[in-house]
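Since the structure comes first, as structure tokens, the remarks are kept for the end.
The values are calculated or read from the model by the stated rules, or taken from the named source; none is laboratory data. Because the structure is predicted, anything quoted here is derived from the model rather than measured. Here Cβ is always computed from backbone atoms with ideal geometry, including for glycine, and neighbour counts include all displayed protein chains.
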Amino acid sequence: MPLTFDDLLHRARALTGGGRRALLGIAGSPGAGKTTLAGRLVRALNGSGDPWVAHVPMDGFHLADAELDRLGLRDRKGAPETFDAAGYAALLRRLRDGDGSGGDAGEVVYAPGFERVLEQPLAGAVPVPPSARLVVTEGNYLLLGTGAWARVRSALDEVWFCELPEPERLRRLIARHEEFGKGHEEAVAWVLRSDQPNADLIEATGDRADLRVPMTELDATADG
């Protein structure tokens, strides 16, 4: 039977059965649907009641353009070395440890967000209250085993890997770059020069995931 969205909701809820806060990671190549899936999960799980699921994107740990210029990495923006991987890993550990389950009141943890029009991180943009029992985080490199990225996987209870046929993934990725200000030729050039080498690296990490999510199948079984 094809994997359904209800299957994913059941699996995500089950992660919180131990009484402490759980962290779910959603990985995949650029354009594979990570952010869409994470947002849909969070909305469905929270429903109309008090929010108990938070969404913390990895993209908030992009290095600012000024720092990329200093490092000579502006044309590699989006590659693993253009993120603060150690900072991201430290935030995940803080989210695990700061949920108040040890008997204290806990505290709000502020995570950075990412402004897609400006293509810049925004400090303190995502509040995670101590009442959040599940944190969904999504990004390209959650399964990368090198450098500080290796500390990310160990902080997550599960990681799901989004899969999408390559032609559709590229189409969506180009359209997203166009939506946020690039011309068509510029968007295609950026995808081929920068995004695709990153995608090749990310695809090679997929076998480390706990679950592979075929996004085309999931779209076909969507229930709204």
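Here residue 81 fulfils each of the conditions (1) in contact (Cβ under 8 Å) with a residue 12 or more places away in the chain; (2) assigned to a helix (DSSP H, G or I); (3) surrounded by fewer than 16 Cβ atoms within 10 Å (Cβ to Cβ); (4) under 17 Å from the mean Cα position of the chain (by Cα) apart from (1).
With respect to the conditions (1) part of a loop (DSSP other than H, G, I, E, B); (2) under 18 Å from residue 195 (Cα atoms), residue 132 falls short on a single one, namely (2).
In summary, residue 71 fulfils each of the numbered conditions (1) among the aliphatic types (A, V, I, L, M); (2) surrounded by fewer than 16 Cβ atoms within 10 Å (Cβ to Cβ); (3) within 28 Å of residue 218 (Cα to Cα) with the single exception of condition (3).
With respect to the conditions (1) under 19 Å from the mean Cα position of the chain (by Cα); (2) touching a residue at least 60 places away in the same chain (Cβ under 8 Å); (3) over 27 Å from residue 53 (Cα atoms), residue 181 falls short on a single one, namely (1).
Summed over region 147-173, residues that are touching a Lys or Arg at 6+ places or on another chain (Cβ under 7 Å) and over 24 Å from residue 218 (Cβ atoms) total 1.
With respect to (1) modelled with pLDDT under 95; (2) surrounded by fewer than 17 Cβ atoms within 10 Å (Cβ to Cβ); (3) outside any loop (DSSP other than H, G, I, E, B), the lone exception for residue 101 is condition (3).
Of all the residues in region 65-86, those that are over 19 Å from residue 30 (Cα atoms) and touching a strand residue (DSSP E or B) at 6+ places or on another chain (Cβ under 8 Å) number 1. Residues that are among the hydroxyl-bearing types (Ser, Thr, Tyr) and out of contact with any strand residue (DSSP E or B) (no Cβ under 8 Å at 6 or more places or on another chain) were ranked within region 30-57; the one that is surrounded by the fewest Cβ atoms within 10 Å (Cβ to Cβ) is 48.
Of the residues making up region 17-25, none is touching a helix residue (DSSP H, G or I) at 6+ places or on another chain (Cβ under 6 Å) and assigned to a loop (DSSP other than H, G, I, E, B). Cβ separations smaller than 8 Å between residues 6+ apart or across chains give the following pairs from region 27-49 residues that are in a helix (DSSP H, G or I) to residues that are crowded, with 23+ Cβ neighbours inside 10 Å and of a type in the set (D, E, K, R): 34/138; 35/138; 37/138; 38/138.
In the set (1) under 22 Å from residue 218 (Cβ atoms); (2) modelled with pLDDT of 95 or more; (3) surrounded by fewer than 21 Cβ atoms within 10 Å (Cβ to Cβ), the condition left unmet by residue 4 is number (2). Can residue 92 be described as surrounded by 14 or more Cβ atoms within 10 Å (Cβ to Cβ), in contact (Cβ under 8 Å) with a residue 12 or more places away in the chain and of a type outside the set (Phe, Trp, Tyr)? So residue 92 fits the description; yes.
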